[in-house]
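Peer 1: One structure, as structure tokens, below. Some questions next.
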Amino acid sequence: MIVDFYRHFDDVELLVFQEVFNGVWDALSDGRVELAIGATRAIPVGGRYAFRDMGMLSWSCVVASHHPLALMDGPFSDDTLRNWPSLVREDTSRTLPKRITWLLDNQKRLVVPDWESSATCISAGLCIGMVPTHYCRDSPNRGLMRGSG
């Protein structure tokens, strides 16, 4: 995407930031960014924002191929899943309420800064995680075993 941008606008300086969940809208509403790609559909701030739908993102629950859950028959109860930390990408919002996703009550979190760290932690068998389905499908060499989506 950045390569395509520079093909058309080679004289523009582009600053790329990564925000998560409400952090995207927070950055837009605070004026820290002028454009967002991949923001959630739920717009938690007022204002006049124009957007184009990029489609729906499907998610899959995954564990490492050597994780104990990979050897068990599912579907799994919340009590079973609660035994392992849940991979969490922390909401980067500074002023808007932070969204908490993919976490059961009383479940330990493993908070990571990016998708590369997510894959490393899941592949090491440290946690269970909800990841974009295309992410685990496109990377069979990461040692991830897809569960239910």
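Peer 1: Is it true that residue 42 is part of a loop (DSSP other than H, G, I, E, B), without any contact (Cβ under 8 Å) to a residue 12 or more places away in the chain and not acidic (Asp, Glu)?
Peer 2: Taking the combined requirement at face value, the residue satisfies it.
Peer 1: Sticking with this structure for a sec: Inspect all residues belonging to the stretch 71-82 and state whether any of them is more than 30 Å from residue 29 (Cα to Cα), over 18 Å from the mean Cα position of the chain (by Cα), aliphatic (A, V, I, L, M) and not in a helix (DSSP H, G or I). It would help to see each step written out before you state the result.
Peer 2: Let us first name the residues in the stretch 71-82 that are more than 30 Å from residue 29 (Cα to Cα), namely 71-82.
If we keep only those that are over 18 Å from the mean Cα position of the chain (by Cα) too, we end up with 71-82.
With the extra rule that they be aliphatic (A, V, I, L, M), the set shrinks to 71-72, 81.
With the extra rule that they be not in a helix (DSSP H, G or I), the set shrinks to 72.
Checked against the condition, which is being more than 30 Å from residue 29 (Cα to Cα), over 18 Å from the mean Cα position of the chain (by Cα), aliphatic (A, V, I, L, M) and not in a helix (DSSP H, G or I), the stretch 71-82 yields at least one hit.
Peer 1: Scan the stretch 43-68 for residues that are under 15 Å from the mean Cα position of the chain (by Cα) and loosely packed, with under 13 Cβ neighbours inside 10 Å and jot them down.
Peer 2: 56, 57, 58
Peer 1: Just one of 86, 123, 118, 93 is under 23 Å from residue 1 (Cβ atoms), among the hydroxyl-bearing types (Ser, Thr, Tyr) and surrounded by 15 or more Cβ atoms within 10 Å (Cβ to Cβ); which is it?
Peer 2: Details: 86 fails: under 23 Å from residue 1 (Cβ atoms); 123 fails: under 23 Å from residue 1 (Cβ atoms); 93 fails: under 23 Å from residue 1 (Cβ atoms).
Unique residue meeting the criteria: 118.
Peer 1: So which of 110, 103 ends up being surrounded by 12 or more Cβ atoms within 10 Å (Cβ to Cβ) and not in a strand (DSSP E or B)? Let's see the steps before the verdict.
Peer 2: Working: 110 fails: not in a strand (DSSP E or B).
The match here is 103.
Peer 1: With 35, 15, 57 as the choices, which residue is of a type outside the set (Val, Ile, Thr), in contact with a Pro (Cβ under 7 Å, 6 or more places away or on another chain) and part of a loop (DSSP other than H, G, I, E, B)?
Peer 2: On the way: 35 fails: in contact with a Pro (Cβ under 7 Å, 6 or more places away or on another chain); 15 fails: in contact with a Pro (Cβ under 7 Å, 6 or more places away or on another chain).
Only one candidate passes the filter, namely 57.
Peer 1: List the pairs whose first member sits in the stretch 62-82 and is more than 22 Å from residue 132 (Cβ to Cβ) and without any contact (Cβ under 8 Å) to a residue 60 or more places away in the chain, whose second member is of a type in the set (A, V, I, L, M) and surrounded by fewer than 15 Cβ atoms within 10 Å (Cβ to Cβ), and whose Cβ atoms are under 6 Å apart, counting only residues at least 6 apart or on separate chains?
Peer 2: That search, which allows pairs on different chains as well, returns 78/104; 82/104.
Peer 1: While we're on this one: Which of the numbered conditions does residue 19 fail, given that it passes all the others? Conditions: (1) closer than 24 Å to residue 91 by Cβ; (2) out of contact with any helix residue (DSSP H, G or I) (no Cβ under 9 Å at 6 or more places or on another chain); (3) of a type outside the set (Phe, Trp, Tyr).
Peer 2: Result: residue 19 fails condition (2) only.
Peer 1: Before we move on, is residue 87 in contact (Cβ under 8 Å) with a residue 40 or more places away in the chain, in contact with a Ser or Thr (Cβ under 9 Å, 6 or more places away or on another chain), of a type outside the set (Phe, Trp, Tyr) and in a helix (DSSP H, G or I)? Steps first, answer last, please.
Peer 2: Working: in contact (Cβ under 8 Å) with a residue 40 or more places away in the chain: yes; in contact with a Ser or Thr (Cβ under 9 Å, 6 or more places away or on another chain): yes; of a type outside the set (Phe, Trp, Tyr): yes; in a helix (DSSP H, G or I): no.
No: the conditions fail for residue 87.
Peer 1: Output the residues belonging to the stretch 67-125 that are touching a Leu at 6+ places or on another chain (Cβ under 9 Å) and of a type in the set (Val, Ile, Thr).
Peer 2: Within the stretch 67-125, 80, 88, 111, 112, 120, 122 meet the criteria.
Since every read-out is calculated from the coordinates, none of them should be taken as a lab result. Treat the numbers as computed from the prediction; the structure is a model and nothing was measured. Glycine also receives a Cβ, built like all others from the backbone with ideal geometry; neighbour counts cover every protein chain displayed.
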